[in-house]
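Below: the structure, in structure tokens.
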Amino acid sequence: MSGMDVPDLSNEPYAIAEQISPLIRRVLARNASPFSYTGTQTYIVGHGDVAVIDPGPLGDDPAHVHELIRILGGERITAIMCTHTHRDHSPAAAPLAEATRAPVIGCAPLVLSDDGPRADAGFDPTYNPDGILADGEALTGPGWTLRAVATPGHTSNHLCFELEEEKALFTGDHVMGWSTTVVSPPDGDMAAYMASLALLMERDDAIYYPAHGKPVETPQRLVRGMMGHRKQREGQILRLLERGVELIPDMVAEMYKGIDSRLHGAAGRSVLAHLIDLRDRGVVSECGDAWSLPG
């Protein structure tokens, strides 16, 4: 969960395509915020016949679609691919598909209402894919292969995409280059998220390209640190329960002393995700709004 301020945006490369590897271009959307950092990064894979990953927001940056169309003038989009259906990732898929006649292929549709304050974007009700990729399925183009890697946790429909030719992984919001990932019930699932991190630890990707933040050039080290961070949070919760702290707002006040109090409600979602995981493992008990250790 991030409580970071948005950085200086004056030098950010909005509205241009940065060539960041032989096969990958990055286009940054203008939707910077405390949960999206400098904005959503749309990735273009290939040349000539290309795939577009996470086309981005619509209302927060209506010009982004027009900029993608301008940048790709003379090239053909063979697939518009979304890692998940939060509103900073997928809404631009529909108008981009309409303008280019490209199919939308990627994660499954998912729209849920939330029952608490968010620290990330809500779900996109407009997402209507032409095709859904299952774990391990691939799309190909001239010189590129993108394979789906199912990584539920941040959302139940979250996919990463492996670019086999460069041993690169587009990680969406599962692993970000600037902050920890939000896991917010009811759809966010801490057990699934930890299992997805463990899955990444078994892989040999050379680099991650997240939807927010810089490329991750030491992927396994970062994932190991993320898993350790979650274990630390879990330990904090258990120690608070041992002291008789039973309510989530009281836990948040102890655990997140360094962040803006306006973010405490959203921090509570992460604490709730940990508590649900602990409850399902039989480690803690729930009674109304109160949580406790058994016995």
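The values are calculated or read from the model by the stated rules, or taken from the named source; none is laboratory data. Given the structure is predicted, the values throughout are model-derived calculations rather than measurements. Every residue, glycine among them, receives a Cβ derived from its backbone with ideal geometry; neighbour counts consider all protein chains shown.
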Exercise for the section: Quick one: in region 123-150, of everything that is of a type in the set (A, V, I, L, M) and out of contact with any Pro (no Cβ under 9 Å at 6 or more places or on another chain), which residue is farthest from Gly48 (Cα to Cα)? Expected result: Ala150
Practice task
State which residue pairs qualify: first residue over 27 Å from Pro185 (Cβ atoms) and in the same structural domain as His64 (by TED's automatic domain parsing) and inside region 88-113, second residue outside any loop (DSSP other than H, G, I, E, B) and charged (D, E, K, R) in any location, beta carbons under 8 Å apart, and separation of 6 or more residues or different chains.
Solution key: Thr100/Arg76; Ala102/Arg76
Handout entry: Residue ranges of strands (runs of 3 or more DSSP E) in region 10-122 with at least 3 members surrounded by fewer than 20 Cβ atoms within 10 Å (Cβ to Cβ)
Key = 18-21
Practice task
Would you confirm whether any residue within region 218-228 is out of contact with any helix residue (DSSP H, G or I) (no Cβ under 9 Å at 6 or more places or on another chain), among the aliphatic types (A, V, I, L, M) and assigned by TED's automatic domain parsing to the domain that holds Leu28?
Solution key: yes
Problem - Residue among His86, His47 that is closer than 18 Å to Pro125 by Cβ and out of contact with any helix residue (DSSP H, G or I) (no Cβ under 8 Å at 6 or more places or on another chain) - result: His86
Completion exercise
Restricted to region 252-270 and to residues being touching a residue at least 24 places away in the same chain (Cβ under 8 Å) and of a type in the set (A, V, I, L, M), the residue surrounded by the fewest Cβ atoms within 10 Å (Cβ to Cβ) is Ile259
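Restricting attention to strands (runs of 3 or more DSSP E) lying wholly within region 125-187, give those where 2 or more residues are touching a strand residue (DSSP E or B) at 6+ places or on another chain (Cβ under 9 Å), among the hydrophobic types (A, V, I, L, M, F, W, C) and closer than 12 Å to Cys107 by Cα.
Of the strands (runs of 3 or more DSSP E) lying wholly inside region 125-187, those with at least 2 residues that are touching a strand residue (DSSP E or B) at 6+ places or on another chain (Cβ under 9 Å), among the hydrophobic types (A, V, I, L, M, F, W, C) and closer than 12 Å to Cys107 by Cα span 144-150, 159-163.
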